[in-house]
Amino acid sequence: MKRSLENIENQFEMFQILNEKGEIVNEDAMPDLSDDDLKEIMRRMVYTRILDQRSIALNRQGRLGFYAPTAGQEASQLGSHYALEKEDFILPGYRDVPQLIWHGLPLYQAFLFSRGHFHGNQMPEGVNAVSPQIIIGAQITQAAGVGIGMKKRGKDAIAITYTGDGGASQGDFYEGINFAGAFNAQAVFVVQNNRYAISVPVEKQSAAKTIAQKAVAAGIEGIQVDGMDVLAVYAATKDARERAINGEGPTLIETMTYRYGPHTMAGDDPTRYRTEETDNEWEAKDPIVRFRTFLENKGLWSEEEENEVIEQAKEEVKAAIKKADEQPKQKVTELMDIMYEELPASLQEQREEYEAKESK
């Protein structure tokens, strides 16, 4: 039994294309991306890093509500998203707002989501996504259902969902991937292993050496990917998507990544459970620095181009927060109205009380 387990674990070596020095180490796996594609991926990663910095600042100013920092996970988030099509359906976790934005959610609505405003949860027409899931792991079972729906309708599209390593410790994770495997759902499950479920190291969450190997029990494909390598994440997701729509079943992708900031801005202090040595080790793997080096060596990126993206991000964040500020404040009665088609009698009296308060 021990040998069998070791044989399984040894199958899940980390997939990498671009090493920490920005060098191609797996030429055969290099995805077919044009120079324009490569530059667009870099633009999105730089933009998202600035968005993260500005969002943290806005949170500290009291202008945003709930916020989960994303710096360090840009390759994992945006590399996987770039492999998607508009028709694909995203079921994100609370740290996965960047994928929603690049899928079509207006930036000002992302800010409203952070504030708890209902309009921030209303996806525009044509944006195939649901609002970020706060209940850890709940989106995984939902993605299995959406993926089965895609299959039954004959859609050339998939459902993709994201969670962290902590989400892979939830019952919904096992139920979701097992159900998806049993019914051959057109789904991709991305576990962004950023090493800590809030403050609990991944080694204390599971005796398994990888999260990817958990796919074996569900009878689905599994792969561990260097989550700081945007090319590897893109290639793995694109392959998983194509196999799903070709009827070859779902895939579990574990991306080895790191969040440079706290779990959320709600009081978490990562210095209490992470060492400076660990932080420095992962900062040396920064996905933006790595990809920048790769593009500069190809003559595709410059400091001037990067500064243009930075300024664009700053201006668009400024305009978006202004638009969010201009939105009418939500009312309790509005929340009741959009929650029910027919308001239950038990809430009708409460609604009348709030309506009287709001009219003053």
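A few remarks follow.
- Single residue of 62, 72 found to be at positive phi and more than 22 Å from the chain's Cα centre (by Cα): 62
- Number of the condition not met by residue 146 [criteria: (1) out of contact with any helix residue (DSSP H, G or I) (no Cβ under 9 Å at 6 or more places or on another chain); (2) over 26 Å from residue 10 (Cα atoms); (3) surrounded by fewer than 21 Cβ atoms within 10 Å (Cβ to Cβ)]: (3)
- Evaluating residue 293 against the criteria (1) in contact with a Gly (Cβ under 7 Å, 6 or more places away or on another chain); (2) exposed (fewer than 11 other Cβ atoms within 10 Å of the Cβ) leaves one unmet condition, (2).
- One residue from 100, 112, 91 being buried (at least 21 other Cβ atoms within 10 Å of the Cβ), touching a residue at least 24 places away in the same chain (Cβ under 8 Å), assigned by TED's automatic domain parsing to the domain that holds residue 316 and over 18 Å from residue 163 (Cα atoms): 112
- Test set (1) part of a loop (DSSP other than H, G, I, E, B); (2) more than 30 Å from residue 109 (Cα to Cα); (3) not small (Gly, Ala, Ser) - residue 278 fails condition number: (1)
- Search result, residues across the stretch 292-346 that are in contact (Cβ under 8 Å) with a residue 40 or more places away in the chain, assigned to a loop (DSSP other than H, G, I, E, B) and farther than 18 Å from residue 113 by Cβ: 298, 300, 301
- Residues located in the stretch 70-87, provided they are assigned to a loop (DSSP other than H, G, I, E, B), touching a helix residue (DSSP H, G or I) at 6+ places or on another chain (Cβ under 6 Å) and not aliphatic (A, V, I, L, M): 70
- Qualifying residue in the stretch 73-83 (condition: of a type in the set (Gly, Ala, Ser) and at pLDDT below 95): no
- If you go through the stretch 45-70 and keep only what is in contact with a Gly (Cβ under 6 Å, 6 or more places away or on another chain) and farther than 16 Å from residue 107 by Cβ, you end up with just 69.
- Residue satisfying condition, being of a type in the set (A, V, I, L, M, F, W, C), more than 23 Å from the chain's Cα centre (by Cα) and modelled with pLDDT of 95 or more, within set 343, 295, 347, 335: 295
- Some residue of the stretch 259-267 being exposed (fewer than 15 other Cβ atoms within 10 Å of the Cβ) and assigned by TED's automatic domain parsing to the domain that holds residue 157: yes
- Lone qualifier among 90, 56 - being out of contact with any Cys (no Cβ under 7 Å at 6 or more places or on another chain) and either of a type outside the set (A, V, I, L, M, F, W, C) or part of a helix (DSSP H, G or I) (or both): 56
- Cross-chain or 6+ apart pairs with Cβ under 8 Å, the stretch 128-155 first and within 14 Å of residue 187 (Cβ to Cβ), then part of a loop (DSSP other than H, G, I, E, B) and among the β-branched types (Val, Ile, Thr): 139/130; 142/130; 147/158; 150/158
- Restricting 77, 61 to those that are surrounded by 24 or more Cβ atoms within 10 Å (Cβ to Cβ) and of a type outside the set (Gly, Ala, Ser) reduces the list to 77.
- Only listed residue being touching a residue at least 12 places away in the same chain (Cβ under 8 Å) and within 30 Å of residue 153 (Cα to Cα), chosen from 262, 250: 250
- Flag if residue 249 is in contact with a Gly (Cβ under 7 Å, 6 or more places away or on another chain) and on the phi > 0 side of the Ramachandran plot: yes
The values are calculated or read from the model by the stated rules, or taken from the named source; none is laboratory data. Note that the structure is a prediction, hence the values are computed from the model and not measured. Note: ideal-geometry Cβ built from the backbone for every residue, glycine included; neighbour counts use all protein chains shown.
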